[in-house]
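In what follows, a structure is listed as structure tokens, so that the remarks can point back to it.
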Amino acid sequence: MEYNKTETLKRIISEGSSYRSLFFNHPDAIYVMDIEGNHMDANPSFERLSGYKIGELAGVSRDRISPPESETRREQFIKKVLAGISVSEPMAFYHKDGSVKHAQVTYIPITEGQEVVGIYGIAKDVTDKVKIEQELQETQEKYQVLAEHAQDLITTCTTDGTLLYVSPSVYTLLGYEPEEVTGKSFKSYCYPGDYPDPLALSSIGNGCKMRVLHKDGHYIWMETLAKPVAGEKGEVNQIVSISRDITQHKDADRRLRESRQRYKSLFEYNPAAVYSLNLKGEYSAVNSNMVRMLDIARHKLIGQSFLLNLDKSEMNKGEACFELVKQGEPQYYETRVVNSSGRKIEVSVTNVPIIVDKEMVGVYGIVSDITERKEYTERIQELSKQHELILNTVTEGIYGLDADGITMFMNPAAASMFGYEAHEFIGKSSHPIIHHSRADGSYFPKEECPIHMTVLDGHARSVTEDVFWRKDGSSFLVQYQVTPIIDEGQIRGAVVVFNDVTGEREIVRAKETAELAAQAKSEFLSLVSHEIRTPMNGIVGMTELLVGTDLSEEQREYAQIIQESGDALLNILNDILDFSKLESGKMALAYEPFSLRKMLEQVAELFKPRADEKHLEIRFRLNPSIPDYMAGDAMRIRQILVNLVGNALKFTDQGSIDVTVDMIKGGRPEDTVLDFAVEDTGIGIPADKLDQLFQSFSQLHPVINRKYGGTGLGLVISKRLVEIMGGTITVESTEGEGSVFRFAIPAAQVEASGEKSASEFYHDRTRQSDKVAMRILVAEDHPVNRKILQEYLEKLGYQADVCTNGVEAIDAISQNAYDIVLMDIHMPVMDGLKATNLLHRLIPEDRIPPIIAVTGNTKREDKEACLEIGMRDFISKPVMLSELKRVLQQWGPSDEPRLAPN
């Protein structure tokens with residue numbers, strides 16, 4: 001049906017000269033899409049708008065044409081149009097140069113009779129309009145922000161004075177919320193007679209001064225500037241005004257008195273002791289806290305020298321500081337005073353000059369009692385001494401800060417890491433010494449430093465990686481913990497404990513480098529695997545064909561040697577790849593239901609021909625109590641069994657091989673363990689060599705290894721597979737008598753309903769009917785691989801069409817009805833995955849034949865990718881005749897239901 005619609009759409013496009021004239025000369029972009037939304041035709045304006053020619057769009061992904069939101073809306077619009085509804089909406093899209101464009105897009109259905117066969121698209125460029133609207137919006141937002149944050153009062157009112165807008169500053173200036181006054185007359189808030197006519201107000205050049213009622217009932221003076229705003233017809237319909245509080249100019253005297261009163265209150269009620277001195281150093285004023293500190297009456301202090309209240313040892317220091325402040329230099333120092341009872345008080349003093357009309361008239365002083373802080377600092381220092389031995393023994397760097405960020409103590413480990421002597425650090429601010437810069441050398445503000453922040457807010461902080469700086473200018477990576485020192489609810493400082501983690505980070509980087517190297521090795525081996533499998537397919541396939549021809553005994557012997565060598569080389573390649581995946585930790589497990597009985601039958605069938613050649617008996621015994629279906633990684637369990645049975649068969653020349661499986665039940669179904677044993681009567685293993693058995697590339701006996709061959713990886717891979725499945729593997733052996741390999745792995749029981757689910761993972765159906773005629777397509781670019789597939793098919797009695805790339809495959813499948821398609825994954829022009837994906841998008845599902853992937857990739861994720869894209873099954877290279885026969889039986893014409901592959 002879709003094919004007919006496309007042809008109808010093409011005919012409609014090509015017909016009508018008047019339509020083409022309008023189409024090509026219309027200033028808006030006009031284009032035609034099929035019902036899938038693919039562009040079929042477009043006028044020149046389309047290229048000017050989008051930058052693309054119509055033919056370029058087929059190779060451009062949608063995410064380079066439309067932002068995700070626009071693409072979603074486009075798909076919705078197409079659905080509406082296909083329902084016969086025209087759609088016109090603004091939409092954003094990407095220009096070819098990457099810029100974002102905007103257009104008003106209209107979708108109109110193209111119908112043939114009552115059926116929609118396509119879509120007309122008309123796009124009008126509105127990029128400039130959208131840009132202007134955005135700029136206008138930004139401008140409005142800027143003006144809105146200005147109005148919202150202005151300190152002056154901004155209002156808009158009608159010509160009769162009704163307030164339309166009032167800025168938030170009305171609350172700060174007048175105490176009203178904006179919504180309280182909006183809609184009311186400005187005049188009603190003004191002192192009677194102060195507010196002029198609004199139009200007259202706008203004509204007053206210097207503004208109008210008026211008294212405005214504050215919410216608390218008093219009036220404030222405001223100066224208002226107004227400007228009329230004309231409407232669309234040029235008539236004044238609004239007035240914008242700005243009002244500023246000028247009350248301070250009206251009541252300067254009152255505010256001056258208030259200022260003096262505030263100064264007096266600040267002086268008297270300051271929590272610190274405050275005083276003023278004349279130029280002789282005599283008290284001219286003192287507050288009550290000064291009286292309380294010295295325990296001397298106010299009237300006795302006035303006229304007395306401040307030096308008399310100092311400790312005798314501090315008098316020279318106090319006199320020197322007073323002389324400096326008289327020279328105009330403020331002084332900040334610590335000293336000691338003595339009250340009338342003889343109690344010595346540690347204080348911090350701030351002295352600043354009092355200057356009136358550029359003339360020094362006295363000194364203003366503030367005294368704070370720091371006795372408690374000094375005593376606390378002394379206690380901390382004493383504590384530091386008491387614990388010095390402990391601090392000296394720890395390897396972590398430790399230092400402590402007081403509430404001002406000054407270093408109080410530092411242990412030898414910290415001093416050593418910084419390259420300082422401890423005395424060089426104590427008493428100084430640590431931040432500008434060891435934490436002044438970030439790792440890139442940029443300035444590190446103290447305000448952003450976690451250590452400084454902890455000193456301020458009292459919250460402990462942990463930093464996993466930062467940089468400290470040494471005395472010699474070098475830096476090192478540290479991990480540190482900052483813990484606040486809190487006493488009686490007050491932050492007294494902080495303790496920093498840090499470690500030099502430079503070496504640890506180097507180890508991490510080395511580990512990451514090793515992981516990258518392992519990943520590169522894995523990727524290299526995967527690539528090598530694919531490249532080797534292509535010629536291996538030719539060797540193994542052609543050898544298998546050759547053995548099936550009429551050969552002399554000598555030729556047959558040579559061909560069989562080649563065949564055995566190819567099989568051995570393929571086994572080595574598979575072992576190396578499995579070992580690489582196990583080494584890199586990328587061996588993924590699949591937890592799925594499987595039939596253990598069927599698995600054993602498959603292993604028995606695999607080794608029966610070789611056992612018959614050596615006249616050996618292989619017996620498989622399965623405990624009858626084991627359920628029909630278990631849950632685990634069937635492929636990996638089968639691989640372990642194949643490795644162990646293959647090993648037993650290799651090293652056993654007479655006798656038998658017994659494979660037994662028992663089940664050990666746990667308390668819960670998921671605790672069940674399957675116990676496997678592979679026993680042979682082969683050559684056995686020397687007792688002193690058993691410990692080398694599971695080591696990579698180990699050779700227990702050079703002569704034996706040369707005789708029997710192998711990489712030494714099979715048992716290593718088996719051991720690691722067992723371990724990653726959570727199991728164990730052991731061996732018992734007697735040289736000359738044989739060996740017993742045992743492995744046990746968890747495998748949960750599956751209920752009877754599991755049989756149905758298990759069928760979803762296995763394609764064990766083999767059709768017993770005679771060969772059914774079928775039409776086959778082979779898509780393979782490599783001539784040798786193509787030849788092998790054709791010869792195999794001919795041996796099975798089939799003829800096949802061939803093509804060499806994905807594009808040819810799509811064309812062939814579109815024009816012919818095939819029963820099965822053998823699709824190579826890696827092909828020029830278009831690979832098999834892309835071709836399969838495109839087929840499922842272009843052709844109805846009921847017309848797509850089963851597509852079988854032919855791939856050199858053996859990884860599970862590669863095979864899963866084939867199934868996810870729509871392929872039904874896969875054959876690994878080198879292609880075996882038995883595998884090809886299986887997929888033909890599995891997916892060829894049949895009345896039986898088809899099951900999903902594993």
Against the conditions (1) at pLDDT 80 or above; (2) among the hydrophobic types (A, V, I, L, M, F, W, C); (3) over 30 Å from ARG872 (Cα atoms); (4) not in a strand (DSSP E or B), where does VAL703 fall short? Just the number, please. (1)
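Going through ARG872, ARG847 one at a time, which residue ends up being among the basic types (Lys, Arg) and either touching a residue at least 60 places away in the same chain (Cβ under 8 Å) or surrounded by fewer than 16 Cβ atoms within 10 Å (Cβ to Cβ) (or both)?
ARG847
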What pairs come up if the first residue lies in the range 348-366 and is hydroxyl-bearing (Ser, Thr, Tyr), the second is not in a strand (DSSP E or B), and their beta carbons are under 6 Å apart, counting only those six or more places apart or on different chains? SER348/ILE370
Picked from the range 271-289 (must be in a loop (DSSP other than H, G, I, E, B) and aliphatic (A, V, I, L, M)), the residue surrounded by the most Cβ atoms within 10 Å (Cβ to Cβ) is ALA272
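Restricting to the range 98-114, what's the tally of residues that are loosely packed, with under 14 Cβ neighbours inside 10 Å and under 23 Å from ALA83 (Cα atoms)? Show your work before the answer.
Step one: of the range 98-114, the residues loosely packed, with under 14 Cβ neighbours inside 10 Å are 98-100, 111, 113-114.
Subsequent filtering for residues that are under 23 Å from ALA83 (Cα atoms) retains 111, 113-114.
Here the count works out to 3.
Consider the range 862-886. How many of its residues are assigned to a helix (DSSP H, G or I) and either within 22 Å of LEU838 (Cβ to Cβ) or modelled with pLDDT of 90 or more (or both)?
Within the range 862-886, the first condition is being assigned to a helix (DSSP H, G or I), and the residues that meet it are 862-868, 881-886.
Next, only the ones that are either within 22 Å of LEU838 (Cβ to Cβ) or modelled with pLDDT of 90 or more (or both) stay: 862-868.
Count: 7.
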Return the total of residues in the range 354-383 being closer than 22 Å to TYR332 by Cα and in contact with an Asp or Glu (Cβ under 9 Å, 6 or more places away or on another chain). 9
Hey, could you check the range 788-802 for residues that are within 48 Å of the chain's Cα centre (by Cα) and either closer than 20 Å to VAL547 by Cβ or not assigned by TED's automatic domain parsing to the domain that holds VAL821 (or both) and say which is modelled with the highest pLDDT? LEU789
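Residue by residue, here is whether (1) within 55 Å of the chain's Cα centre (by Cα); (2) modelled with pLDDT under 85; (3) farther than 26 Å from GLU424 by Cβ holds:
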| residue | (1), (2), (3) |
| --- | --- |
| THR335 | no, no, yes |
| SER348 | yes, no, no |
| ASN351 | no, no, yes |
| ILE355 | no, no, yes |
| LEU383 | yes, yes, no |
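Looking at the range 326-384, what strands (runs of 3 or more DSSP E) fall wholly within it and have at least 3 residues that are more than 15 Å from PHE306 (Cβ to Cβ)?
Working: elements: 331-338, 344-356, 359-369.
Of the strands (runs of 3 or more DSSP E) lying wholly inside the range 326-384, those with at least 3 residues that are more than 15 Å from PHE306 (Cβ to Cβ) span 344-356, 359-369.
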Taking LEU307 as the residue in question, decide whether it is in a loop (DSSP other than H, G, I, E, B) and in contact (Cβ under 8 Å) with a residue 24 or more places away in the chain. no
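Scan the range 603-623 for residues that are in a helix (DSSP H, G or I) and more than 13 Å from VAL659 (Cα to Cα) and jot them down. Step through it out loud before you land on a result.
Narrowing the range 603-623 to residues in a helix (DSSP H, G or I): 603-613.
Of everything in the range 603-623, those that are in a helix (DSSP H, G or I) and more than 13 Å from VAL659 (Cα to Cα) turn out to be GLU605, LEU606, LYS608, PRO609, ARG610, ALA611, ASP612, GLU613.
Looking at TYR195, TYR189, TYR263, TYR176, which is the one that is over 58 Å from the mean Cα position of the chain (by Cα) and at pLDDT 85 or above?
Numbers: TYR195 fails: at pLDDT 85 or above; TYR263 fails: at pLDDT 85 or above; TYR176 fails: over 58 Å from the mean Cα position of the chain (by Cα).
That would be TYR189, the only listed residue that is over 58 Å from the mean Cα position of the chain (by Cα) and at pLDDT 85 or above.
Let's see how each residue does on (1) within 38 Å of the chain's Cα centre (by Cα); (2) in the same structural domain as GLY473 (by TED's automatic domain parsing); (3) closer than 16 Å to ARG492 by Cα:
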residue: GLU396; (1), (2), (3): yes, yes, no
residue: PRO412; (1), (2), (3): no, yes, no
residue: GLU424; (1), (2), (3): no, yes, no
residue: HIS431; (1), (2), (3): yes, yes, no
residue: ARG438; (1), (2), (3): yes, yes, no
residue: GLY441; (1), (2), (3): yes, yes, no
residue: PHE444; (1), (2), (3): yes, yes, no
residue: HIS452; (1), (2), (3): yes, yes, yes
Residues of the range 624-649 classified as in contact with a strand residue (DSSP E or B) (Cβ under 7 Å, 6 or more places away or on another chain), part of a loop (DSSP other than H, G, I, E, B) and either more than 13 Å from ALA747 (Cα to Cα) or modelled with pLDDT of 85 or more (or both), total: 3
Can you name the residue in the range 544-561 that is surrounded by fewer than 16 Cβ atoms within 10 Å (Cβ to Cβ) and of a type in the set (A, V, I, L, M, F, W, C) and is also modelled with the highest pLDDT among such residues? LEU551
Can you work out which of the residues in the range 590-605 that are closer than 20 Å to ARG886 by Cα and among the aliphatic types (A, V, I, L, M) is modelled with the highest pLDDT? LEU600
What's the total number of residues in the range 803-822 that are touching a helix residue (DSSP H, G or I) at 6+ places or on another chain (Cβ under 6 Å) and surrounded by fewer than 20 Cβ atoms within 10 Å (Cβ to Cβ)? 0
With respect to the numbered conditions (1) free of Cβ contacts under 8 Å to residues at least 24 places away in the same chain; (2) part of a loop (DSSP other than H, G, I, E, B); (3) over 16 Å from MET222 (Cβ atoms), which one is the sole condition not fulfilled by GLY193? (3)
Residue check for GLU314: assigned by TED's automatic domain parsing to the domain that holds TYR283, in a strand (DSSP E or B) and among the acidic types (Asp, Glu): no
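The values are calculated or read from the model by the stated rules, or taken from the named source; none is laboratory data. Since the structure is predicted, the reported quantities are computational estimates derived from the model, not experimental observations. Ideal geometry is used to build each Cβ from the backbone, glycine not excepted, and the neighbour counts take in all protein chains shown.
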